[in-house]
Amino acid sequence: MNWERHEMLLADLEALLEKADSKKIQGDFLKKIINRLGELSDDCRECTRLLDELHEHIKAILEKNGQPEATEYKRHREIINRAIAHLQKEHNLVTEDYYLGLYMSLGIAFGLMFGTLILGNLAWGMPIGLLLGVVLGSAKDADTKKKGHTI
Ligand SMILES: [Zn+2]
């Protein structure tokens, strides 16, 4: 990775975090994304492109004294979502608690089906499915994190 450029980006991000509402701009998560993109940017042009785009965007908010307008917030979320989608699709990385959310909804869907078809009671299947989803999803998230595949 281009360290000098990456350092400059991180310095601008720190400057932004001092001025802006860190929660609103997802400061901690943004840092993780930027570090991941940085690690991967040597072999991936899209990661490099996303980093450049993020840097331009951060500079733009800095120029407004860290007070982004509604359109910039929208763009902010949009870039982050695009970065997540890219990391997920091309680099097999997932966000924290990704599988928990996924397995919970799958668990509920299967639970409802299972409850209706086998137990003859829609209401019983759902909590069982949800519980299984939480247990399996959390285990999968923990395993993914252990393997270093979490953004
Ligand atoms: Zn990439």
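Whole-Hz ³J(HN,Hα) for each residue in the range 51-58, computed from phi via Karplus 6.51 cos²θ - 1.76 cosθ + 1.60 with θ = phi - 60°, x for glycine and proline: what do you get?
Karplus-based 3J(HN,Hα) across the range 51-58 equals 4, 4, 5, 4, 5, 4, 5, 4 Hz.
Kindly express, to the nearest 10 degrees and within the range 0 to 90, the angle between helix 70-91's C-alpha long axis and the longest C-alpha principal axis of the chain.
Computed tilt is about 70 degrees.
Using the per-residue mean of other Cβ atoms lying within 10 Å as a proxy for protection, in what order, highest first, do the peptides 45-56, 81-92 fall?
My ranking of the peptides, most packed first, is 45-56, 81-92.
Give me the angle, in degrees from 0 to 90, between the Cα long axis of helix 27-40 and the longest principal axis of the Cα atoms of the chain, rounded to the nearest 10.
Around 80 degrees separate the two axes.
Remind me, what semi-axes does the range 9-151 give for its equivalent ellipsoid, largest first in whole Å, using sqrt of 5 times each Cα gyration tensor eigenvalue?
Over the Cα atoms of the range 9-151, the semi-axes work out to 38, 18, 12 Å.
Enter the angle in degrees (range 0 to 90, nearest 10) between the Cα long axis of helix 122-146 and the first principal axis of the Cα atoms of the chain, meaning the one along which they spread out most.
It is inclined by approximately 40 degrees.
Order 13-19, 98-104, 117-123 from most to least packed using the mean count of other Cβ atoms within 10 Å. Don't skip to the end; give the middle numbers.
Numbers: 13-19: 15.0, 98-104: 18.7, 117-123: 11.0.
Going from most to least packed, we get 98-104, 13-19, 117-123.
Enumerate the calculated ³J(HN,Hα) couplings along the range 16-25 in order (Karplus 6.51 cos²θ - 1.76 cosθ + 1.60, θ = phi - 60°), each rounded to whole Hz, writing x wherever the residue is Gly or Pro.
5, 5, 6, 9, 8, 7, 4, 5, 5, 9
Could you tell me the number of lysine pairs in the chain with C-alpha atoms less than 13 Å from each other, where the two lysines are 8 or more residues apart or belong to different chains?
4
Tell me, what HN-Hα J-couplings in whole Hz come from the Karplus equation 6.51 cos²θ - 1.76 cosθ + 1.60 at θ = phi - 60° for each residue of the range 61-66, using x for Gly and Pro?
Result, ordered by residue: 5, 4, 4, 8, 6, x Hz.
Rg(Cα) of the range 98-146 divided by 2.2 N^0.38 Å?
The value comes to 1.20.
Let me see the P(r) profile for the range 3-91: every Cα-Cα distance counted, bins of 10 Å, each bin given as a percent of all pairs.
Percent of Cα pairs in each bin: 17, 56, 25, 2.
List the residues whose amide H sits under 5 Å from the amide H of Glu96, counting only those 5 or more places along or on another chain, with H placed 1.01 Å from N in the peptide plane.
Ile151
Read-outs throughout are calculated quantities, based only on the coordinates presented, and are distinct from any laboratory measurement. Predicted, not measured: the structure shown is a model, and the values here were computed from it. Glycine gets a Cβ as well: all are built from the backbone with ideal geometry, and neighbour counts include every protein chain shown.
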